[in-house]
1. How high is the relative contact order of chain A, given as a whole-number percent (alpha carbon pairs under 8 Å, six or more residues apart)?
2. How big is the range B:173-228 by Rg and Dmax over its Cα atoms, in Å?
3. Where the centre of each part is set by its Cα atoms, how far does the range B:254-304 sit from the range A:218-242, in angstrom?
4. Assuming 0.36 nm per residue, please report the length gained on full extension of the stretch residue B:321 to residue B:41 beyond their Cα-Cα distance.
5. Compute the label zone of residue A:56 within the range A:12-38: residues whose backbone N is under 14 Å from the point 7 Å along Cα-to-Cβ.
6. If r is the Cβ-Cβ distance from residue B:351 to residue B:96 and R0 is 56 Å, what FRET efficiency results, to the nearest 0.05?
7. Counting other C-beta atoms within 10 Å, which of A:223, A:230 has the fewest, and how do the rest follow?
8. Comparing A:242, A:59, A:220, which has the greatest mean-square fluctuation in the GNM of chain A with Cα pairs linked when under 10 Å apart?
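A short reminder: the numbers here are calculations on the coordinates, not readings from a lab. Quantities reported herein were computed from a predicted structural model and do not represent experimental measurements. Note that each Cβ is placed from the backbone with ideal geometry, even for glycine, and that neighbours are counted across all protein chains shown.
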Ligand SMILES: Nc1ncnc2c1ncn2[C@@H]1O[C@H](COP(=O)(O)OP(=O)(O)OP(=O)(O)O)[C@@H](O)[C@H]1O
Ligand SMILES: [Mg+2]
């Protein structure tokens, strides 16, 4: 059974289709990239999976169990987490608190315990803090630990957002253009982090990214979207050879683009 | 990990302590000794000090809801009113409803009544918090304004409970046979309650629900993605906030010893609580404390000033008294212009400066 099954998803906005009959699957442990030109529907697809948009047709299932009727916060408890194309941090909170909120769905204590801050609440806070520190070490965020997230440089904010998604200890992480706006060095770091998340932390990755070099390098499987429908699915090399894909990306003119 | 120059933490628990250094603990102790000695040495302004304690509780309650969770409430004054009437009702007519063991454990009906008053207010707060699922910002403000007017109407017209226009007298509270019938005694009682509430709110804000509240304020879409149940947490914010406001109301009733609905719990009170948290610093518990003290003390200082000036120039006394309201507004405005992030922020800056002393850079 696949970790995530997307079958026949159709999503329309006032009659305009953003997604048309999109299907793909992600196996446990994979890195799957979703690529396509601007406006192809990549973000819309992630929004359908994470629960922000409700598709008109089709089904999305984790471990074969449909999640479409679940609210976004319930899906997080199922092991889903994500980052956003435009940074969506809690700007007024410290980096540490941002990551601690990331663990929200793992923390099991209520209002009264928290107000007394004895016993269970305190033990849990310490325990979760330890896990969050692992993420901070992994992403090299320790110099920023107590700084307000909204005032950090762009590249660091992107990393904090990745950290927040990772702090939830997800099984499947959805990354919406994590390298957008980064320089070469930052892009390479981010690619390294994604590989480590996948290999060391054992997290399955669904990556949306425009940087073809990175996509072709690190993906196990690539799904190409164009105008809301799937153009091609397959291993990076296969997709690179695909006539339709080349045509869609380049208007059939320049074939070197996909090949690096 | 490092805090002050040369101070390192060896465990997360140590870092999470509220008062991290002996220095902080020492000055806190000095503050409380001073507060405890004050009514023994002086007898003016004790009632005002009681009211400051109560204002602190109410401002902290509003800062949890509006400052931290971002849900604007223009009905906090009325929530305090609900707590006042409910608290008094539970001491008198409602006492029969309370279980026997509560009287034994808490030494009489007063403490259970205050708690039940808080719970009733929490329910009322949750009810008026339901629109927050759909409404944000200014629209929610209008919805809570409606709550304010509805509750004021109830205070005026539910005569059997509130005494209507003419109001009603409130007996002095009694705990384990000790009667709190003077202002100094009430001062100690309200101070203890204020300390307790500030402590509870601080804990709340540094753990899971507090962080969830702030996440809703900062970015409600990501809040949902990290697993925060928006509706449930907004309701919890309303409940906690209204509970504390209710406790403040119960104490108010028993300090003033006489309740009239309007203008006591009117829109003016709601707005003054908002002023307190804005001046003090939105979202910070200590900020609410500073704001409550500042807003309560400022008019007293202006009065003193008027008296002082009036002593030297008697002909100026009346015009100064007349312009007091304007001066009050002016000070608030200047404050917002020059200290837009609130007193708590200024305090942090001062502390940050001294942290590195003498190596300021
Ligand atoms: N909330 C919305 N309301 C109306 N139309 C929308 C909405 N969200 C997306 N769309 C439309 O759906 C289409 C797909 O948008 P989407 O953001 O998913 O593209 P994308 O592949 O993520 O593009 P990009 O690479 O620019 O991020 C676009 O035509 C967009 O205008
Ligand atoms: Mg997009």
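1. Working: 450 pairs, mean separation 68.2, N = 260.
For chain A, the relative contact order is 26 percent.
2. Values for the range B:173-228 (Cα only, Rg and Dmax): 18.6, 53 Å.
3. Going from one Cα centre to the other spans 62 Å.
4. Values: separation 280, 0.36 × 280 = 100.80 nm, distance 2.93 nm.
Separation in residues times 0.36 nm, less the Cα-Cα distance, equals 97.9 nm.
5. Residues A:12-22 qualify, since their backbone N sits under 14 Å from the label point.
6. Numbers: r = 51 Å, r/R0 = 0.92.
FRET efficiency, residue B:351 to residue B:96: 0.65.
7. Working: A:223 26, A:230 19.
Sorted ascending by nearby Cβ count, the order is A:230, A:223.
8. A:242
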